1. Could you list 420, 165 in order of exposure, starting from the residue whose Cβ has the fewest other Cβ atoms within 10 Å?
2. Which order do 199, 495 fall in if you start with the one that has the fewest other Cβ atoms within 10 Å?
3. Whole Å is fine, so just give me how far the alpha carbon centre of region 466-514 lies from that of region 69-133.
4. Starting with the fewest neighbours, write out 224, 421 ranked by other beta-carbon atoms found within 10 Å of each beta-carbon.
């Protein structure tokens, strides 16, 4: 993130104690940078979570070796994301700390969602961070072998003075962050009450015996209980639609109810996703999602037409929306410039909340392309969950996760609206059964084929992507089970905007056919 480390150098000089904990898989690219940060100021401390072979920056050979002799450690990562200031204000959500999560990349950025909270929930975040900070998995950066070698040989090196890629934008950001009135307007004045806020988070090493005995329910269990409580509707947004067996049983149980809740899912398209392996598993089980779980699925387009984004110069937020609760205050806000919706989709931009929209350009485009990264769900428009959990096997079995559970109908409705905005025809393709007749043939074959761990070679997956064709006879988008759906939508192929026989196309086909055993690790 441009300007990040210079800002962190400024805070300690003002007397602020700054502690940064980074999972090793997200750590700096060079041990020299880690060595420089180890001595940047006495008020600044940096630790690395679960470093392989006690190295700040393992090479590829180290990762290969670890996959054989330290497979458990390699997979158990800190996926928790929190920022806490003075124990009074906290931010959590899905965002990592690099350019493409903040609209700073000119090629590819992520669409994400965060919540700012104050009160006891923020204190709970600080408590969770403190537990991670003193955990044996968290190693001071100066104690890492490669960093210590540099320090012993050369002392503390200077931080790189490499020029900012976007110096004017950095200056604009620094000026904005130094403006008390602007900060008050965008943050403090926007805080409003909600009914209840709860922060839930896994402990470090959550699968260790000590963690299992701890009086702390894993975040996955809390999220599961929220979904299980649904009566009418579940709205989910996740970039990686790979479900555990437990989650599959949960959604199948919901769908088998006499009056099943509607389940709306916003997820990634192959053209926009950053991880084709996880997409392949979602693609493999399309029929299961639609038929057995009753999902209404939408895949985000790589160039959605109605997302707040700010890839160029900084612009003034058009709207800030916020909520707060008995246990604290929470804030969510839109950032950036909105592009107009075409006539065939409803404009819900004024109802958006907690949106931090981001992108990446293909070679033939001068616009960044969008990759979904937000992890959120809403149950019955009364409970909202925003956090780091992708609702996937990694989140349940390997990663530590965190989330805010916000029980407030007004706030939950706004989050649901913001997710459903991403399912509009301008922004997403609908995933639906193929034309009648073709779908029935597919259904019989795919039902058997998708169960195969290998040699799942049937090329059609029962459902494909559709685009809305608005007109006098089709004035508004329709649910996929509407009798007029196929009259108002046209099929655009399984992988729209992805080159036929290209790398992503082949990878998805191969993993679909042979990669089912990888599901627990995706």
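Values quoted throughout were computed directly from the atomic coordinates according to the rules given, and no laboratory measurement underlies them. Everything numeric here is computed off the predicted structure, so don't read it as measured data. Cβ placement follows ideal geometry from the backbone for every residue including glycine, while neighbour counts extend to all protein chains displayed.
1. On the way: 420 19, 165 12.
Placing the least packed residue first, the sequence is 165, 420.
2. Least to most surrounded, the residues fall as 495, 199.
3. 34 Å
4. Values: 224 17, 421 26.
Fewest-to-most Cβ neighbours within 10 Å comes out as 224, 421.
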